[in-house]
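See structure below.
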Amino acid sequence: MNQDLQLTDLLKKSKTANLFQVYGEPDVLLECKDGSCVVAVRGMDVFDPAKRDIRSAGTDKIQAWFLDTNYDGERFIVRHAYFLWDDDVFDDLKRALKGEIDAGAWSNLYSDRSRPFLKPKTGKIAVKVITVFGDEAIVVLKP
């Protein structure tokens, strides 16, 4: 266990004082045809240990999702990034970057369906999904 997690007397001792949630699985669909693949995100299921039940989130509860189109099994490299926030985030992002963002480029990133990509040389694709609740999970797919 890392030192920062060994705060025994500083942490609350209630059921709701979990440091993290361990179990989650993104609901994704992989379509491959003629050497090209597309991933569609449909939601994510997360086990909530405090309530001991499964919380399902649709695309309306996903903040962002990332795609490693050539996953090597050791490290996740973001090769595609997509965001499913409210439209207000576009204006917030422009302000945060202190510049203009091409609306056409933003529309490519605001999607529950990836842009087409070539089948991976490693034989694996990884998809990481982050919900509005802060839940994060990865699923590895083989086309």
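Relative to the present Cα-Cα distance, how much length would full extension add between Thr59 and Asp92 at 0.36 nm per residue of separation?
9.8 nm is the gain from fully extending Thr59 to Asp92.
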Task: region 42-59 - phi-based ³J(HN,Hα) in whole Hz, Karplus 6.51/-1.76/1.60, Gly and Pro as x - done: 10, x, 7, 10, 10, 7, 9, x, 5, 9, 6, 9, 9, 9, 9, 10, x, 5
Task: Ranked Val41, Val139, criterion: other C-beta atoms within 10 Å, fewest first - done: Val139, Val41
TODO: Would you please give the residues with an amide H less than 5 Å from that of Asp27, counting only those at least 5 places away or on a separate chain, with H modeled from the backbone geometry?
DONE: Arg42, Gly43, Met44, Asp45
Task: Calculated from backbone phi, Karplus (6.51, -1.76, 1.60) coupling profile of region 111-119 in Hz, x at Gly/Pro - done: 7, 9, 10, 6, 6, x, 9, 6, 4
- [ ] Tell me the label-point distance for the pair Asn70, Trp85, using the 7 Å Cα-to-Cβ offset, in nm and rounded to one decimal.
- [x] 3.0 nm
- [ ] Rounding to the nearest 20 debye, state how big the charge dipole of region 20-141 is about its Cα centre with +1 on each Lys and Arg Cβ and -1 on each Asp and Glu Cβ.
- [x] 420 debye
Open item on the list: Below 10 angstrom from the Cβ of Asp27, what's the summed charge of the other residues (Lys, Arg +1; Asp, Glu -1)?
Closed with: -1
Task: Computed label-point distance, nm, for sites Asn108 and Tyr23 using a 7 Å Cα→Cβ extension - done: 4.0 nm
TODO: Evaluate the distance, in nm, between pseudo-label points positioned 7 Å from the Cα of Glu100 and of Thr122 along their respective Cα→Cβ axes.
DONE: 3.8 nm
TODO: Please name which of Val41, Pro26, Ile125 has its Cα lying farthest along the dipole of region 20-141 towards the positive end, using unit charges on Cβ (Lys, Arg +1; Asp, Glu -1) and the Cα centre as origin.
DONE: Ile125
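How charged is the neighbourhood of Ile54? Take every other residue with its Cβ under 13 Å from the Cβ of Ile54, and add Lys/Arg as +1 and Asp/Glu as -1.
Values: positive: Lys51, Arg52, Arg55; negative: Glu25, Asp27, Asp45, Asp48, Asp53, Asp135.
Result for the local shell: -3.
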- [ ] Provide the per-residue ³J(HN,Hα) series for region 124-138, in order, calculated from phi with Karplus coefficients 6.51, -1.76, 1.60 and θ = phi - 60°, each as a whole number of Hz, with x at glycine and proline positions.
- [x] 9, 10, 10, 10, 10, 10, 10, 8, 5, 7, x, 6, 9, 8, 10
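Val78 to Ala50: extension gain in nm, 0.36 nm per residue of separation minus the Cα-Cα distance? Spell out each step's value before the answer.
Values: separation 28, 0.36 × 28 = 10.08 nm, distance 3.10 nm.
So the extension gain works out to 7.0 nm.
Values in this text are rule-based calculations from the coordinates and carry no lab data. In this text, all values refer to a predicted model and were calculated from it rather than measured experimentally. Cβ atoms come from the backbone with ideal geometry, glycine included; neighbour counts cover every protein chain shown.
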